[in-house]
Amino acid sequence: MFKLARLSVLLVLAGLGYSAAHDLCPQFMLDSAMIVNVEGRFVNAQNSRVSLDIEWRHHPEALDTFFLNFPQQKPVVFVTAGDSRYEILQPTNVKRQLGLHHLRETIGNTPLKLDDLELLANGLFLCRDSTKSQKIFSTAFSNMWYSMVVDTLPLPQKVVMRGARKEARTFNIGAWKDFSGSTLPTLVSMTGPNYSGNLWVRSAYTIEPPKGDPIVENSKKKQSKRPVLFRKTLVDGKREIPLILKLNQEFLRE
């Protein structure tokens, strides 16, 4: 299995990681708890130079957290649990609940999307279609990206993603490196219809959650009550109505 990596490009990588050796889909890029640090430098659609630093804390059986830091904007924390997600705006710690349609929003002034983080965290790319001659992947629940084509496996050098509003992105991967048993791209350039940039994986290392961690334990309890799941991804049955919608329904009945 060629595990991909991170951020948007990582995203890119997201789908790549699943298919090489296994038929079960979808699959996660990271099978163990890890911290991945990513640096991005871009020229955005407004022809402005922008940058972004990301610390991705991945937990296969619990919440994934992304710490997003910008040079001239307030930092943001993005948290996703597979079927729900929210942002924490810093330094006020104001929580913003997010729906699926919010995933098409850009991250700060960069070309990256919130959906890129969602795909990285939850592994929503399906394995390649064996009936196709090209190395084509398709997304299971992505709100932004519909397909991804790679030039070669297991370590692609070029990846093209296509999605909403006919948007397309191309990633050129300059190098791969082993990080604690996971092979990740260390230097990636990305280009879109009106933007370009580079992404680097500065570091990545495994972490062991402490025994009795309440976040991990609570997450496992909640998942045991849900219909058929592929880890954090709901693949069968009906989704539970979020609490905020239940409260709104009760209020409207009064």
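The values are calculated or read from the model by the stated rules, or taken from the named source; none is laboratory data. All of these numbers come straight from a predicted model, not from anything done at the bench. We place every Cβ from the backbone using ideal geometry, glycine too, and count neighbours over all the protein chains shown. Calculation scope for accessible area: heavy atoms of the full protein, side chains included, ligands and nucleic acids excluded. Shrake-Rupley method; radii C 1.70, N 1.55, O 1.52, S 1.80 Å.
Being out of contact with any Pro (no Cβ under 8 Å at 6 or more places or on another chain) and assigned to a strand (DSSP E or B) is the filter; apply it to segment 184-195 and report the residue that is farthest from Pro156 (Cα to Cα).
The selected residue is Thr191.
Which one is modelled with the lowest pLDDT among residues in segment 128-149 that are open to solvent by less than 10 Å² (accessible area, probe 1.4 Å) and part of a strand (DSSP E or B)?
Phe137
For segment 86-127, which positions are open to solvent by 10 Å² or more (accessible area, probe 1.4 Å), without any contact (Cβ under 8 Å) to a residue 60 or more places away in the chain and touching a His at 6+ places or on another chain (Cβ under 9 Å)?
Glu87, Arg96
Name the single residue that is most open to solvent (accessible area, probe 1.4 Å) among those in segment 153-178 being in contact (Cβ under 8 Å) with a residue 40 or more places away in the chain and not aliphatic (A, V, I, L, M).
So, considering only residues that are in contact (Cβ under 8 Å) with a residue 40 or more places away in the chain and not aliphatic (A, V, I, L, M), the one most open to solvent (accessible area, probe 1.4 Å) is Pro154.
Return the pairs, sorted by first residue and then second, in which the second residue is open to solvent by less than 10 Å² (accessible area, probe 1.4 Å) and among the acidic types (Asp, Glu), the first residue lies in segment 136-152 and is closer than 18 Å to His101 by Cα, the beta carbons are less than 7 Å apart, and the residues are 6+ apart or on different chains.
Ser142/Asp115; Asn143/Asp115; Met144/Asp115; Trp145/Asp115
Give segment 88-108 a look and list any residue that's farther than 20 Å from Trp145 by Cβ and out of contact with any Asp or Glu (no Cβ under 8 Å at 6 or more places or on another chain), or say none.
Residues satisfying the conditions are Ile88, Leu89, Gln90, Pro91, Thr92, Asn93, Val94, Gln97.
For segment 29-85, which residues satisfy the criterion of being among the charged types (D, E, K, R) and not in a strand (DSSP E or B)?
Residues satisfying the conditions are Asp31, Glu61, Lys74, Asp83.
Within segment 192-207, how many residues are surrounded by 15 or more Cβ atoms within 10 Å (Cβ to Cβ) and touching a Gly at 6+ places or on another chain (Cβ under 9 Å)?
4
Inspect all residues belonging to segment 34-50 and state whether any of them is touching a residue at least 60 places away in the same chain (Cβ under 8 Å), surrounded by fewer than 18 Cβ atoms within 10 Å (Cβ to Cβ) and under 13 Å from Ala121 (Cα atoms).
Checked against the condition, which is being touching a residue at least 60 places away in the same chain (Cβ under 8 Å), surrounded by fewer than 18 Cβ atoms within 10 Å (Cβ to Cβ) and under 13 Å from Ala121 (Cα atoms), segment 34-50 yields at least one hit.
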